[in-house]
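Asker: Below: one structure in structure tokens.
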Amino acid sequence: QVQLVESGGGLVQAGGSLTLSCAASGRTLSNYYMGWFRQAPGKEREFVSVISWSSGTTRYVDSVKGRFTISRDNAKKSVYLQMNILKPEDTAVYYCAAKWGGLATKATDYEYWGQGTQVTVSS
């Protein structure tokens, strides 16, 4: 089992920045991929970014490339999402997720989920 707890959400003006954190606990994460997803009201859950716990390989959805950066801290068993130049369309509940094995961008491929943290970007 893997437990995930997100933090760092909040209200920010357009153009501002936030950093989300995801603290992981439970089994060893060396073969896991850690993803960030988001879900806006009335919309499906959307892939944002993913990172390999072991290699650090990353991938981003096109809409956040150049603005968001995913990273991990092995010692703290934490994953981060640095979000810059935030836009109103980034408003959503952001979820941290974990999956064993290969990189994936579909929410249904992820086995473990955090409770989510709200990000609201005002115009």
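The values are calculated or read from the model by the stated rules, or taken from the named source; none is laboratory data. Being a predicted model, the structure only gives us computed values, none of them experimental. Note: accessible area is taken over every heavy atom of the protein model, side chains too, but ligands, DNA and RNA are not part of it. Shrake-Rupley method; radii C 1.70, N 1.55, O 1.52, S 1.80 Å.
Asker: Over the chain, what is the relative contact order in percent, taking alpha-carbon pairs closer than 8 angstrom and at least six residues apart?
Answerer: 36
Asker: Can you list residues from other chains, or at least 5 along the same chain, whose modelled amide H is less than 5 Å from the amide H of THR91?
Answerer: Sorted by chain and number, the residues that satisfy this are VAL121.
Asker: Can you give me the long-range amide H partners of ARG59? Hydrogens built in the peptide plane at 1.01 Å from N, cutoff under 5 Å, separation of 5 or more residues or another chain.
Answerer: Under 5 Å from the amide H of ARG59 lie the amide H atoms of VAL50, each far enough along the sequence or on another chain.
Asker: Follow-up. How long is the gain from LYS87 to SER55 if the chain were fully straight, where each residue apart is worth 0.36 nm and the alpha carbon distance is subtracted?
Answerer: Additional length available on full extension: 8.5 nm.
Asker: Quick one: 3J(HN,Hα) in Hz for the stretch 6-13, Karplus 6.51/-1.76/1.60 with θ = phi - 60°, rounded, Gly and Pro as x.
Answerer: Listing the rounded values in order: 8, 7, x, x, x, 9, 9, 7 Hz.
Asker: Can you run phi through the Karplus equation (6.51, -1.76, 1.60; θ = phi - 60°) for the stretch 36-49 and list ³J(HN,Hα) in whole Hz, with x for Gly and Pro?
Answerer: 10, 10, 9, 9, 8, x, x, 10, 6, 5, 10, 5, 10, 6
Asker: Still on this structure, please answer the following. How large is ³J(HN,Hα) for each residue in the stretch 55-63, as worked out from phi by the Karplus curve 6.51 cos²θ - 1.76 cosθ + 1.60 (θ = phi - 60°), to whole Hz, x for Gly and Pro?
Answerer: Running phi through 6.51 cos²θ - 1.76 cosθ + 1.60 with θ = phi - 60° gives 9, x, 4, 10, 8, 9, 6, 4, 5 Hz.
Asker: Continuing with the same structure: Whole number in Å², please: accessible area per residue of the chain, 1.4 Å probe, ligands, DNA and RNA not counted.
Answerer: Averaged over the residues of the chain, the accessible area is 49 Å².
Asker: May I pose another question? Sticking to Cα atoms, compute the Rg of the chain to one decimal and its Dmax as the biggest Cα-Cα distance, whole number, in Å.
Answerer: That works out to 13.3, 41 Å for Rg and Dmax.
Asker: In whole Å, what three semi-axes, largest first, describe the equivalent ellipsoid of the stretch 51-123 built from its Cα gyration tensor (square root of 5 times each eigenvalue)?
Answerer: So the equivalent ellipsoid measures 22, 14, 13 Å along its semi-axes.
Asker: Oh, and also: For the stretch 1-55, compute Rg over Rh where Rg is the Cα radius of gyration and Rh is the Kirkwood radius from the inverse mean 1/r over Cα pairs.
Answerer: A ratio of 1.02.
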